[in-house]
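Okay, so here's the structure we're looking at.
The values are calculated or read from the model by the stated rules, or taken from the named source; none is laboratory data. Just so it is clear, the structure is predicted and the values come from calculations on it, not from any experiment. We place every Cβ from the backbone using ideal geometry, glycine too, and count neighbours over all the protein chains shown. Side chains are part of the model used for accessible areas, which takes the heavy atoms of the whole protein and leaves out ligands, DNA and RNA. Shrake-Rupley method; radii C 1.70, N 1.55, O 1.52, S 1.80 Å.
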Amino acid sequence: MKKFNTVIFDLDGVLIDSKKNMRNSWQKVKDVFLLSQSFDEYFRFVGYPFEIILNKIGIFQNIKRIKVLYAKESIRNVNYIKIHNGVIETIRKLKKNKINIGIVTSKDLKRTKIILKKLKIPIETIICPKKKLKGKPFPDQLLLATKKLMSSKNKTCYVGDMYVDYQAAKNARVGFIFAKYGYGKKKSIFKNIIKKPRDILKFTL
């Protein structure tokens with residue numbers, strides 16, 4: 001089994017369970033903008049940048065206004081977000097053993113920081129989408145994370161739960177570990193799999 005000295009986590013589904021938060025936030029968006037797309041349609045593409053999800057489900061108008069409202073509702077519904085069992089203990093053990101850790105997420109930086117602070121998740125290196133930094137499945141975010149963490153790609157892994165996470169890792173030429181307990185479906189191409197957060201330790205220590 002290959003060992004990594006740098007672990008980069010996806011956020012939704014991997015460190016936290018935010019599905020109820022997303023469902024409530026999407027319902028508000030549907031009500032205000034009179035959209036027909038269901039939450040299940042939206043949720044199929046979780047992991048992609050928000051604007052891309054909207055395009056994939058056939059929404060091409062009011063993108064900026066929808067994004068602002070969704071983010072506002074997501075913050076208002078932050079209490080619906082729960083941390084997965086074992087996350088804090090796992091992060092502490094990784095840090096104790098000098099493993100570099102970071103987060104690459106499609107969430108915006110403001111919401112990500114609010115969530116990490118509320119749930120007391122001690123990860124400082126956070127890479128979110130921004131101008132001139134393409135989101136998943138492009139490798140840009142992961143490449144920036146490896147640079148900030150001063151890690152080599154062959155010793156870095158990305159822990160994700162969606163196919164788009166695998167694509168981003170492959171494009172960045174870093175390892176990929178599938179979080180089976182997350183939102184996505186297991187595929188035969190996923191060779192490294194964890195069933196709970198602390199399972200990541202066997203790939204590092």
*Identify all residues within segment 98-116 that are touching a residue at least 40 places away in the same chain (Cβ under 8 Å) and hydrophobic (A, V, I, L, M, F, W, C); write none if there are none.*
ILE99, ILE101, ILE103, VAL104, ILE115
*Inside segment 79-100, can you point out the residues that are among the polar types (S, T, N, Q), under 16 Å from ILE16 (Cα atoms) and open to solvent by 50 Å² or more (accessible area, probe 1.4 Å)?*
ASN79, ASN85
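To keep it simple, each residue is scored yes or no on (1) of a type outside the set (Lys, Arg); (2) on the phi > 0 side of the Ramachandran plot.
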position: LEU119; (1), (2): yes, no
position: CYS128; (1), (2): yes, no
position: LYS148; (1), (2): no, no
position: LYS153; (1), (2): no, no
position: ARG173; (1), (2): no, yes
position: ALA179; (1), (2): yes, no
position: ILE193; (1), (2): yes, no
position: LYS202; (1), (2): no, no
*Here are some residues: LYS191, LYS170. Which one is among the charged types (D, E, K, R), surrounded by fewer than 20 Cβ atoms within 10 Å (Cβ to Cβ), free of Cβ contacts under 8 Å to residues at least 24 places away in the same chain and part of a loop (DSSP other than H, G, I, E, B)?*
LYS191
*Selection within segment 173-188 - among the hydroxyl-bearing types (Ser, Thr, Tyr) and either open to solvent by 60 Å² or more (accessible area, probe 1.4 Å) or in contact with a Leu (Cβ under 6 Å, 6 or more places away or on another chain) (or both)*: SER188
*Within segment 51-58, can one find any residue that is at pLDDT 95 or above, part of a loop (DSSP other than H, G, I, E, B), within 30 Å of ASN154 (Cα to Cα) and not acidic (Asp, Glu)?*
no
*Based on what the data block shows, is ARG44 open to solvent by 70 Å² or more (accessible area, probe 1.4 Å), of a type in the set (D, E, K, R) and within 15 Å of the chain's Cα centre (by Cα)?*
yes
*What residue, among those in segment 1-39 that are of a type outside the set (A, V, I, L, M, F, W, C) and modelled with pLDDT under 95, is surrounded by the most Cβ atoms within 10 Å (Cβ to Cβ)?*
LYS3
*Collect the residues in segment 101-117 that are outside any helix (DSSP H, G or I) and open to solvent by less than 20 Å² (accessible area, probe 1.4 Å), keeping them in residue-number order.*
ILE101, GLY102, ILE103, VAL104, THR105, LYS107
*Residues satisfying the stated conditions in segment 118-157, i.e. of a type in the set (Val, Ile, Thr) and either at pLDDT below 95 or not in a strand (DSSP E or B) (or both)*: ILE121, ILE123, THR125, THR146
